[in-house]
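The values are calculated or read from the model by the stated rules, or taken from the named source; none is laboratory data. No experiment lies behind these values; they were computed from the predicted model shown. Counting neighbours? That spans all protein chains shown, and the Cβs are built from the backbone with ideal geometry, glycine included. Just so you know, the surface numbers come from the protein's heavy atoms only, side chains and all, with ligands and any DNA or RNA stripped out. Shrake-Rupley method; radii C 1.70, N 1.55, O 1.52, S 1.80 Å.
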Amino acid sequence: MIMTSKETFRLKLFGGFKLLDEQGTSIDPGPRKVKAMLAWLALNPDIKHPREKVAALFWADSEIEVARHSLRQALGSLRKVMPEESSPLQATKDWILLDSRRIEVDVQRFNDALAEGEFKASETISEIYQGELLEGCNPRADLFEDWLSDHRNHYRERATNAMCQRLSCLIDRRSFEAAIPHAMKLINIDPLRESAYRGLIMAHMGLGNNALALRWYRKCERILLDELGVMPCLETRALHAQILEATERNNQDSQQQDEALNRKRALNLISRDKQRVLYMAGSAIDAIEDKLGGQSF
């Protein structure tokens, strides 16, 4: 989503909740339900939502009048931090609406990137997706939490798919140093994503870090066995075999280098002994030629 001059607020929902004003200053709109309501409106913008619908979503366990009163208080909290002249929030006695032209939302940027195709937008998506949608948010509203769970799963799956494509692209380009933090982020999001471990292992192998590659294979194997009761797939086990072969070759090369170094040192010792003998012989010959007598070799 391209920012316009009208946008005065930014809202980040991946990895938690963060509301920023035009100067980039963080704003706290209040209790968790207020934050959750703003997030829900941001994910359903430019729609006139009936007040009864919003009240039922967040205060389903309350009497109608109590729910309406709670909704008015929540709107009041938002108006305190988003003054009416610049606020994206619009409300009447019948409906509530969030104007997307006045607020930039990271989820909308994510959706816009997805519209370009996951492969094309994979780098952008990896940058935007900093964790689960509204991570740590628990407003204790059953209907909202059901809605949130579905959306979390949706965005997590779309993000990890795009990030896996990005990781594969980095490995193909042999951009191993860039691939390592990307793979680590993917593993943190989805610890059971075997392809992320495979990419991390390949990156370490590409940099010659076979010991680290072996360590990550073993961690992958342990997690899959503990959590799913399965071994890594054939492709991942083939990488394990390559690591062992490379380690064996390195050990042999190291042994051969040690032997060659020892031979060189021995030759150097022999050479120094020869130089000493030649020096002594030369000194003896010089003494004889100078008729000093008593010199022998």
- Solvent exposure, largest accessible area first (probe 1.4 Å, DNA, RNA and ligands not counted), of Lys33, Lys80: Lys80, Lys33
- Spread of Cα-to-Cα distances over 10 Å intervals beginning at zero, given as percent, for the range 154-254: 16, 47, 31, 6, 1, 0
- Message: If you take every residue apart from Lys219 with its C-beta less than 15 Å away from the C-beta of Lys219, what net charge results, scoring Lys and Arg +1 and Asp and Glu -1?
- Response: +1
- Note on the structure: Thr92 neighbourhood, Cβ < 12 Å, K/R = +1, D/E = -1, net charge +2
- Go through the range 43-54 residue by residue and turn each phi into a ³J(HN,Hα) via Karplus (6.51, -1.76, 1.60, θ = phi - 60°); whole Hz please, and just put x for glycine and proline. 8, 9, x, 6, 10, 7, 8, x, 4, 4, 5, 5
- Among beta bridges assigned by DSSP with both residues in the range 1-106, the antiparallel ones amount in percent, to the nearest 5, to 75
- Item | Ratio of Rg to Rh over the range 1-104 (Cα coordinates, Kirkwood Rh, two decimals) | 0.95
- Task: Kindly give Rg over Rh for the range 35-76, based on alpha-carbon atoms, with the Kirkwood expression for the hydrodynamic radius.
- Result: 0.95
- Using a 1.4 Å probe over the heavy atoms of the protein chains, calculate the carbon and sulfur portion of the accessible area of the range 1-93 as a whole percent. 50
- If you wrap a convex hull around the C-alpha atoms of the range 95-169 and split its volume per residue, what is the figure in Å³? 109
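For the range 45-172, what is Rg from Cα atoms divided by 2.2 N^0.38 Å, rounded to two decimals?
In units of the 2.2 N^0.38 Å rule of thumb, it is 1.29.
Taking a cut-off of 16 Å, what percent of all Cα-Cα pairs in the range 90-134 are separated by more than that?
Here the long-distance tail beyond 16 Å is 50 percent of all Cα pairs in the range 90-134.
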